[in-house]
1. Ranked highest first by the average count of other Cβ atoms within 10 Å around their residues, in what order do 360-370, 276-286 fall?
2. Taking every Cα atom in the chain, find the radius of gyration and the maximum pairwise distance Dmax, and write them in Å.
3. May I ask for the net charge around residue 210, where only other residues with Cβ less than 10 Å from the Cβ of residue 210 are counted and Lys, Arg are +1 while Asp, Glu are -1?
4. Starting at the first residue of the stretch 352-357, write each ³J(HN,Hα) from the Karplus equation 6.51 cos²θ - 1.76 cosθ + 1.60 with θ = phi - 60°, in whole Hz, x for Gly and Pro.
5. What spacing in nm lies between the two simple spin-label points modelled at residue 302 and residue 341, each 7 Å away from Cα in the Cβ direction?
6. Want the number for residue 115 to residue 197: 0.36 nm per residue separation, take away the alpha-carbon distance, what's left?
7. How high is the relative contact order of the chain, in percent, with contacts defined as C-alpha pairs under 8 Å that are six or more residues apart?
8. Calculate, for residue 361 and residue 164, the FRET efficiency according to 1/(1 + (r/R0)^6) with r their C-beta to C-beta distance and R0 35 Å; round to the nearest 0.05.
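What follows draws every value from the coordinates through simple rules; no lab data is involved. Quantities reported herein were computed from a predicted structural model and do not represent experimental measurements. Cβ coordinates were reconstructed from backbone atoms using ideal geometry, including for glycine residues, and neighbour counts include every protein chain displayed.
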Amino acid sequence: MAGAILKQSTCAAALMLAAAGTAAAADLGGIPVFGKVTTRLQNDYALREGAKDYTSYGNNLYAEIEPEFVIKAAPNLSFEFGAKLEQIHSREVGDNQYFAHEGAYVSTLQGVYEVGGVTFNAGKFTAPFGFGPDDAPGLFGDTYLENYELAERLGVGAATEFQFKGAVKLGVAVSLFTRDRTTLAETAFTKRRTLRLADGGPGNTAGLSNWSAVVDVEDIRGLPDLHIKGSFLRQKAGENDAKGQRAWAIGAEWEKAFEAGFSVRPMAEFVHADGASGFNEATGGNGISEDILTAGIGFGYDRWNASFTRGRRYIGQAGPEGEDPASPVNDTFWQVGLGYAFVDGITVDTAYGYIEDGGAISRTIGARIKHSFEF
């Protein structure tokens, strides 16, 4: 109980600091503290949602706050803390929600040590795998990318870079981890169920039995604006699981700025997984596979931006032993968006999105106001 109270107090304190709008550098007894606070206010209105033969609609207004802090304890040692306030429970089809089910939790709590060109980290973090949700263009562009973001892992990691002058730069990052089942996974304001070892699921293991690795290829000779990322993942089977999960991903993005303030940024990523569908709340089993492809392009002109993103997900499912496999699942989405960046770190983005998920269809108009500042 004491741990839960401390956890909730920590989240609340971090979020109050974000709301206060502290924009100046801080220190702790002479120890420098740096940070960033991102606040989002978003409204999603579903013009249509539900099964193909059923029509409904609903509205969802919610807020997200993400404070991130870095305490520089020594030249090569720092401590990182991140919290997140977001909507914990999804809106039911046909319902309206206004700031409902908002909950806060610790997303990052780790120590980082740098020596000899290698950075080591230990604690709670997001394990490296694939491009992050912020890399897909558009308000709804991360529909599939966020599915395989390995957030809230406990473990250790290391990263380094290799510079081949005039040819290419390679970045390598690896991590060993398990899923968070501690007090740090509890939420303030709105409760969510804390994961237990008995729940099973790939990656939900007693020790650091899971690993991920990424290789970033940048500064390529002749293609300086191209970024290629290769990712690998192994999540061991949890309790009572038939099989663990193996996955890999390959992605690329290219960002080019032209004269007169015009820019373009296409990106694409393909992910394949065997042994489970899903990466966080994963369902493991023999014969299960998942393929995800996301591709998009973003345009910028002065303070304006526009985007188009499309994605497909294919889930192959095994049937009971001795029987034919279950029908595969084919999901798809696309979105088109428009946005504008104001001064003082304020951006406004809008988008229209179409999602077909397990036979259910939704058509949604979204709008978001975002503000970020660093201190």
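1. Values: 360-370: 16.8, 276-286: 19.0.
Ranking, from highest mean packing down: 276-286, 360-370.
2. Every Cα atom of the chain included, Rg and Dmax give 21.3, 68 Å.
3. Working: positive: 153, 179, 234, 236; negative: none.
That works out to +4.
4. The phi angles translate into 10, x, 10, 9, 10, 10 Hz.
5. 1.5
6. On the way: separation 82, 0.36 × 82 = 29.52 nm, distance 3.49 nm.
Gain on stretching residue 115 to residue 197: 26.0 nm.
7. Working: 1063 pairs, mean separation 57.4, N = 375.
Relative contact order here is 15 percent.
8. On the way: r = 49 Å, r/R0 = 1.39.
It comes to 0.10.
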